[in-house]
Amino acid sequence: MLDVTSVAQLDKLLSANGSKLTVIDFHATWCGPCHAIAPKYAELAKEFTGVQFLKCDVYVNAALYAAIVPMTNQRSVRSDAAGDVSKKYSVAAMPTFVFIKDGQKVDQVRGANPSALEATIRKHAGAGSGAFSGKGQTLGGDSGPSDGTPEVSAGLDPQMTLLLGLLGLYGLYWWFNKA
C-alpha cells in the first residue's frame with residue numbers, strides 16, 4: 001500500500017492503474033477512528049487484489065483542527081502535508097475513502113464504517129476483483145440478500161448505543177436519588 005504525498009504522484013499512480021478501481025484512505029495520525037478502521041482497510045487490500053489501495057496522511061490546517069479538537073496554541077499545528085491531494089477531492093473529515101475509476105471520482109465513504117467501505121468497494125470493483133467471486137453461502141444459514149449486495153446495518157453505532165444506555169441509567173439514578 002503506497003502513501004500519496006502529491007497530486008503529481010497520484011496522477012502517475014492513477015494512469016499506471018488504467019481503468020481499475022483505486023481507493024484512497026485519507027487519514028490523520030491524531031484520528032482515533034482512522035486507526036480503528038486501518039486493519040479492515042489492510043484486510044480489504046489483501047482480498048481485492050485487482051483494486052489499487054492508497055493512503056494519504058493528512059495533517060489538517062489549524063482552523064479545521066481547532067474546530068475538531070479545541071486547543072490553546074493553534075500555531076503548533078503542522079500545515080497540511082498532502083493538502084493538494086485532499087483539496088482536489090474536497091476531503092473535510094477523517095477518515096474519508098475516495099473511490100476513483102478512469103481518473104474520475106466515482107464515490108466516497110466518510111467515517112470509519114467497515115460495512116459501507118466494503119460494500120462500496122464491491123459495488124465499484126466489478127466481478128472477480130476479490131479473492132472469490134459470486135454470492136457464496138453461509139453454513140447453516142441463508143445466502144444473504146438475493147441481489148448479491150452485502151447487507152449494511154441500518155442500526156445505531158454500538159458506541160452510540162452504549163452512550164445512550166449509560167445516559168439513561170444515569171437519568172434513572174438521578175431521578176430516584178434527587179430527594
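The values are calculated or read from the model by the stated rules, or taken from the named source; none is laboratory data. Given the structure is predicted, the values throughout are model-derived calculations rather than measurements. Because the Cβ atoms are built from the backbone with ideal geometry, glycine has one as well, and the counts that use them run over all protein chains shown. Side chains included, ligands, DNA and RNA excluded: accessible areas come from the protein's heavy atoms. Shrake-Rupley method; radii C 1.70, N 1.55, O 1.52, S 1.80 Å.
Could you report region 1-61's accessible area per residue, 1.4 Å probe, as an integer in Å²?
Counting only protein heavy atoms, the per-residue value for region 1-61 is 45 Å².
Express in % the proportion of alpha carbon pairs of region 1-54 at distances exceeding 15 Å. Spell out each step's value before the answer.
Numbers: 723 of 1431 pairs.
For region 1-54, the share of Cα pairs beyond 15 Å comes to 51 percent.
What is the extension gain from GLU47 to LYS178, computed as 0.36 nm multiplied by their sequence separation minus the C-alpha to C-alpha distance, in nm to one decimal?
Using 0.36 nm per residue and subtracting the Cα-Cα distance, I get 41.6 nm.
Modelling each spin label as a point 7 Å along the Cα-to-Cβ direction, I'd like the ALA92/LEU13 distance in nm, to one decimal.
Inter-label distance under the simple model: 2.4 nm.
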